[in-house]
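Asker: Here's a structure for you.
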Amino acid sequence: MAARLARLVYKTLGSSRVRRAFEIGAGTGFLSHQLLRRYPEAEWHFNDLAPESAAWVKRIGAASVFLSGDAERIEFPARLNLLASASAVQWFTDLPGFFGKARAALDGGGLLAIATFGPGNMREVREISGAGLDYPSAAALAALARQAGLHPIKSEEWNDRLFFETADALLLHLRETGVSGLARTVWTKSSLADFRRRCAVRFSRPNGLIPLTYHPILLLAQKRE
């Protein structure tokens, strides 16, 4: 997702139009690395809820400003040419507010570039457990961008499927990625046993493997000059 988003940004803005940039939810630097390779001369600002993310950003060679905290609460840098985020906005509680805040922070011609997940994301786990996040569709995200005064110029979505031999292997994957609400579930001995049982019943055929669907969505929206 991060690599594909960075390629779309570069294809849209080219090499010289990013002087001031901000990434929300930098984490361990997947998107940061991709964007810094393309825009090494930009004045970079990075954010993450976890302050430890600052050390990861430093490791990839970024001379930058790090803003720790909840992106829905902190003040964004102003006059941005690029505001980017990968695998973060699905956690936001006020998406209309986020799009409005993004538009206010962008300079004329500035680009909002986000990678998030759609309604089909982890549908197998949601079906079994009833837990997970509510994911808006690509059309809903584009509509929110328009309502905020941004012009959607590119949207992509696709499905990727992984397969796991056991329910425990699937849960370990979710915990390590940290992109689903299920990763925050407090498991008891009985709830874990029930989840294993449901997986075994639901996915006993054709090969006994447990599928997990990812439904990424990329959206690029621009602030008109």
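Asker: What dipole magnitude, in Debye to the nearest 20, does the chain give about its Cα centre under +1 on Lys/Arg Cβ and -1 on Asp/Glu Cβ?
Answerer: So the magnitude is around 380 debye.
Asker: A follow-up question, please. Mind giving me the nanometre distance, one decimal, between the label points for residue 163 and residue 146, set 7 Å out from Cα along Cα→Cβ?
Answerer: So the label points at residue 163 and residue 146 sit 4.1 nm apart.
Asker: Measure nothing but the geometry: give the 0 to 90° angle between the long axis through the Cα atoms of 189-202 and the longest principal axis through the Cα atoms of the chain, rounded to 10°.
Answerer: The angle comes out near 90 degrees.
Asker: Please give the length that would be gained between residue 41 and residue 225 if that part of the chain were fully extended, namely 0.36 nm times their separation in residues minus their C-alpha to C-alpha distance (nm, one decimal).
Answerer: Stretched out fully, the residue 41 to residue 225 stretch lengthens by 64.0 nm.
Asker: Per residue, how large is the accessible surface of region 17-175? Use a 1.4 angstrom probe and give square angstrom.
Answerer: Value for region 17-175: 48 Å² per residue.
Asker: Would you tell me the accessible area of residue 101, worked out with a 1.4 angstrom probe on the heavy atoms of the protein chains, in Å² to the nearest 10?
Answerer: The accessible area of residue 101 comes to roughly 60 Å².
Asker: Starting from 0.36 nm per residue, how many nanometres of slack lie between residue 104 and residue 50 once their C-alpha separation is accounted for?
Answerer: Using 0.36 nm per residue and subtracting the Cα-Cα distance, I get 17.0 nm.
Asker: Leaving ligands, DNA and RNA out of it, work out the accessible area of residue 91 with a 1.4 Å probe and give it in Å² to the nearest 10.
Answerer: Solvent-accessible area, nearest 10 Å²: 80 Å².
Asker: Further question: Roll a 1.4 Å probe over the protein heavy atoms and report the accessible area of residue 33 in Å², nearest 10.
Answerer: About 80 Å², rounded to the nearest 10.
Asker: For the peptides 18-29, 63-74, 119-130, what is the packing order when you average, over each peptide's residues, the other Cβ atoms within 10 Å and list the highest mean first?
Answerer: Descending packing order for the listed peptides: 18-29, 119-130, 63-74.
Asker: Count the lysine pairs in the chain whose Cα atoms lie under 24 Å apart, taking only pairs 8 or more positions apart in sequence or on different chains.
Answerer: 5
Asker: Counting DSSP beta bridges with both partners in the chain, what percentage is antiparallel, nearest 5?
Answerer: 50
Asker: For the chain, which whole-number percentage of the solvent-accessible area (1.4 Å probe, protein heavy atoms only) is attributable to carbon and sulfur atoms?
Answerer: 51
Asker: If the chain between residue 65 and residue 197 were fully stretched, how many nm would it gain, using 0.36 nm times the residue separation less the Cα-Cα distance?
Answerer: Additional length available on full extension: 42.7 nm.
The values are calculated or read from the model by the stated rules, or taken from the named source; none is laboratory data. What you are looking at is a predicted structure, and each value in this text was computed from that prediction instead of being measured. Cβ: placed from backbone, ideal geometry, glycine included. Neighbour counts: every protein chain shown. We work out accessible area using only protein heavy atoms, side chains counted, and drop any ligands, DNA or RNA first. Shrake-Rupley method; radii C 1.70, N 1.55, O 1.52, S 1.80 Å.
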